[in-house]
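Working notes for the structure below.
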Amino acid sequence: MGGGFRVLHLVRPFLSFLPEVQSADRKIPFREKVIYTVISLFIFLVCSQLPLYGIHSTTGADPFYWMRVILASNRGTVMELGITPIVTSGMVMQLLAGSKIIEVDNNVREDRALLNGAQKLLGILIAVGEAVAYVLSGMYGSVGQLGVGNAILIILQLCFAGIIVICLDELLQKGYGLGSGISLFIATNICENIIWKAFSPTTINSGRGAEFEGAVIALFHLLITRTDKVRALREAFYRQNLPNVTNLLATVLIFLIVIYFQGFRVVLPVSLSDIVANPFHGLFYIIFMLSACALFSKTWIEVSGSSAKDVAKQLKEQQMVMPGHRESNLQKELNRYIPTAAAFGGICIGALTVLADLMGAIGSGTGILLAVTIIYQYFETFEKEKASELGFFGF
């Protein structure tokens, strides 16, 4: 790259102050990677259950309820922000680099270090900004009720948790663990949500007496306590406002479908009953989801370095050619397939997501698609790592 001033150079003074995990200087055995991964997951789970000190209240509607499942966040805990800071900073830097707003040469080691530092610095700034916004918006009670001391303490807790997530993700990605911390935390959060709604022993008064929240436990409880077994089964399979067995079976079905098709994307909550009650809204929702997924897929390949132009450049650098086509026509030929394939893939992903929500799957269509994809990737990573070791788990 040229020796002139570039935006990334602004990050240089901060690099020495940013937390960093050194790259592994040796090949980490599979058993050791598993240990690092389990420890990282344990730290994340502890933070997800550790209440924030100093908060006044977390009652009332949760404005981020439907987002928490894919942001690995837990309300009222130090993991309130989840992976939001690191994901947001990563997306912003990817878009800036992909759209050439900032110059980055991934073949230059210094550029990679500066980009990583910029992403980390932006993630910390986002964590600080979100923490301040949460406190000032009254999510934990008004600042007057909290007091200045508690307000500052809450902000520090949220920021420190955000830094922990950044470091844990970097630890795994630097070769000490398996996969990505972001993927691991998302999958764990989603699976925890599904398991809880299936086996939760918590009782809730729904107006028909105390009922178990967990669908499976509620099924056995209703069969044991009700004299009319048919009615008990009907209630267990179709009860409203609480997880039911039909939701659980739909979740399993979607898991199997996604394992086959392997895809995911973001969705808003909707159910089949909503479609019947308001067909226009349902039709708009489906069209919007499919169109948005297709448009996002086409846009993403342009900004992420996967467009026909970028692929043609990579093939040219690797001295690869397409038989029957001149080198000058390679980009034009690739442009016939790559955008169409991206849009079709986005539509398929959107369709799977809509199907999951229409069937009432637990954890939302987005969550299930994310969880299955991540778990499948981890399964492949485990198999690859085991194959490179002498024996199972490195023994």
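Each reported figure results from applying straightforward, stated rules to the coordinates on display, with no laboratory input. Everything numeric here is computed off the predicted structure, so don't read it as measured data. Cβ: placed from backbone, ideal geometry, glycine included. Neighbour counts: every protein chain shown.
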Computed over the Cα atoms of segment 2-89, the Rg and Dmax in Å are 18.6, 55
Given 73-81, 222-230, the highest-first ranking by average Cβ count within 10 Å works out to 73-81, 222-230
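Quote the FRET efficiency, to the nearest 0.05, computed for Met91 versus Ile224 with a Förster distance R0 of 45 Å and r equal to the Cβ-Cβ distance. Write out the running numbers ahead of the final one.
Details: r = 50 Å, r/R0 = 1.10.
Efficiency, rounded to the nearest 0.05: 0.35.
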Mean projected area (nm²) from the convex hull of Cα positions in segment 203-242 is 2.5 nm²
Of 62-68, 27-33, ordering from highest average Cβ density within 10 Å down gives 27-33, 62-68
In whole angstrom, largest first, the equivalent ellipsoid semi-axes that the Cα gyration tensor gives for segment 19-200 are 29, 22, 15
By the mean-Cβ-within-10 Å protection proxy, highest first, 192-204, 286-298 rank as 286-298, 192-204
Note to self: C-alpha centroids of segment 70-113 and segment 192-256 sit apart, in Å, by 39 Å
Taking placed amide H atoms and a strict 5 Å upper bound, the residues 5 or more places from Glu211 or on another chain that come that close are Ile204, Asn205, Ser206
The Cα radius of gyration of segment 135-175, divided by 2.2 N^0.38 Å with N its residue count, comes to 1.59
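If the chain between Lys309 and Glu333 were fully stretched, how many nm would it gain, using 0.36 nm times the residue separation less the Cα-Cα distance?
The span from Lys309 to Glu333 would gain 7.6 nm if fully extended.
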